[in-house]
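Here's the structure we're looking at; comments come further down.
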Amino acid sequence: MESFGIIILSHVSIKSESSHKSETITQGIFGEVFKILEIQKEWTKIQLLSDSYIGFIQNQQWIKVENFNDINFYINSKNNLSVNWNEIKLHLPIGARIWKNDINHPVLSQFTFSKKANYKKAKSKYSPKLLQKAAKKFLGAPYLWGGKTTVGIDCSGFVQIVFLINGIQLPRDAYQQAEIGKIIPINECRVGDLAFFSQSSEKITHVGIIYDVTSQGIKIIHSSAFVRIDSLDEKGISYTNLQNELVYSHHLKFIKRAFLS
């Protein structure tokens with residue numbers, strides 16, 4: 001019989017191996033449900049239900065929950081949401097799964113969310129303005145390999161969370177996200193399209209979201225050193241460095257439209 005757990009801290013590192021020294025391959029966000037694959041002395045091998053990522057988290061960072069299908073989860077889209085639990089106050093990241101305070105569950109009922117909690121289901125139909133609004137909340141967040149929060153986030157984690165807020169669950173990695181949708185010529189791109197990049201090889205190494213399209217040019221928002229807005233053209237992403245020089249940082253592979261109608 002399958003067993004499931006739920007993450008009860010703001011965010012946790014999911015490791016490639018059951019060791020603190022191993023690579024952080026992604027993060028688990030508060031309220032994420034996972035399948036328990038193996039429980040060890042200090043670590044648990046898990047598989048996230050959201051994107052099927054497999055890795056290890058520490059045993060005290062989650063609780064067992066069998067009837068999660070009976071829980072109405074809501075996606076947090078705010079920077080200032082908090083939850084109290086056993087005299088601990090947790091500040092929750094954007095993308096956390098929350099539930100109403102009057103939930104009928106022996107353990108989850110102990111978590112009391114702040115009055116700023118927004119109990120609205122994420123909708124899969126969204127506008128460019130809503131996508132821009134969600135993406136802007138991460139501006140300035142430092143790049144962190146495997147990260148998924150404003151404390152630190154990588155390029156594909158940024159794309160995944162922004163789309164999650166808008167009701168779309170994307171795969172975790174850029175090369176997986178690149179398999180969705182249809183290729184769009186750059187002169188036909190619009191806000192919400194995804195731009196993918198590669199270096200010398202064919203492998204996808206970077207992803208960003210088309211942020212604005214005007215007669216002045218195309219802007220892309222992405223996580224590179226930090227979440228930022230740069231220019232995009234047929235060659236790729238460009239910006240002006242501190243020496244006032246135009247620099248191309250990523251070579252454009254293609255642009256895809258996945259969900260916007």
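Could you check, for segment 20-34, whether at least one of its residues is hydroxyl-bearing (Ser, Thr, Tyr), modelled with pLDDT of 95 or more, over 25 Å from His105 (Cα atoms) and not in a strand (DSSP E or B)? Yes: one or more hits. Annotation: of all residues in segment 50-75 being closer than 28 Å to His20 by Cβ and in a loop (DSSP other than H, G, I, E, B), the one that is modelled with the lowest pLDDT is Val65. Only one of Ser50, Ser82, Ser77 is open to solvent by less than 50 Å² (accessible area, probe 1.4 Å) and either without any contact (Cβ under 8 Å) to a residue 60 or more places away in the chain or farther than 24 Å from Asp173 by Cα (or both). Can you tell me which? None of the others qualify; the one that does is Ser82. The set of residues in segment 137-152 that are part of a strand (DSSP E or B) and either modelled with pLDDT under 95 or closer than 13 Å to Ala174 by Cα (or both) is empty. Screening Asn104 with (1) open to solvent by 50 Å² or more (accessible area, probe 1.4 Å); (2) closer than 28 Å to Thr44 by Cα; (3) in contact (Cβ under 8 Å) with a residue 24 or more places away in the chain gives one miss only, at (3).
Within segment 1-47, the set of residues being free of Cβ contacts under 8 Å to residues at least 60 places away in the same chain and in contact with a Pro (Cβ under 7 Å, 6 or more places away or on another chain) is empty. Within segment 10-44, the only residue that satisfies the criterion of being in contact with a Leu (Cβ under 7 Å, 6 or more places away or on another chain) and open to solvent by 30 Å² or more (accessible area, probe 1.4 Å) is Lys35. With respect to the stated conditions, Asn72 fails to be in contact with a Ser or Thr (Cβ under 8 Å, 6 or more places away or on another chain) and not aliphatic (A, V, I, L, M).
Residues in segment 221-261 that are touching a residue at least 12 places away in the same chain (Cβ under 8 Å), among the hydrophobic types (A, V, I, L, M, F, W, C) and more than 17 Å from Asn187 (Cα to Cα): Ile221, Ala225, Phe226, Val227, Ile229, Phe259.
State all residues of segment 226-261 that are hydrophobic (A, V, I, L, M, F, W, C) and open to solvent by 70 Å² or more (accessible area, probe 1.4 Å); if no residue qualifies, say none.
Answer for segment 226-261, where residues must be hydrophobic (A, V, I, L, M, F, W, C) and open to solvent by 70 Å² or more (accessible area, probe 1.4 Å): Phe226, Leu242, Leu246, Phe259.
Search segment 85-101 for residues being touching a strand residue (DSSP E or B) at 6+ places or on another chain (Cβ under 9 Å) and not in a loop (DSSP other than H, G, I, E, B), and hand back the single one that is least open to solvent (accessible area, probe 1.4 Å). Only one residue fits best here, namely Ile98. You will find that of Val159, Val151, the residue that is open to solvent by 40 Å² or more (accessible area, probe 1.4 Å) and among the aliphatic types (A, V, I, L, M) is Val151 and no other.
Checking the conditions here, which among Lys203, Lys116, Lys129, Lys182 is closer than 18 Å to Asn79 by Cβ, surrounded by fewer than 20 Cβ atoms within 10 Å (Cβ to Cβ) and either without any contact (Cβ under 8 Å) to a residue 40 or more places away in the chain or not aromatic (Phe, Trp, Tyr) (or both)? If you could, list the steps in order and put the result at the bottom.
Working: Lys203 fails: closer than 18 Å to Asn79 by Cβ; Lys129 fails: closer than 18 Å to Asn79 by Cβ; Lys182 fails: closer than 18 Å to Asn79 by Cβ.
None of the other options fit; the residue is Lys116.
The values are calculated or read from the model by the stated rules, or taken from the named source; none is laboratory data. It should be emphasised that the depicted structure is a prediction, and the values quoted were computed from it without experimental measurement. Cβ coordinates were reconstructed from backbone atoms using ideal geometry, including for glycine residues, and neighbour counts include every protein chain displayed. Heads up: the accessible areas ignore ligands, DNA and RNA and are worked out on the full protein's heavy atoms, side chains in. Shrake-Rupley method; radii C 1.70, N 1.55, O 1.52, S 1.80 Å.
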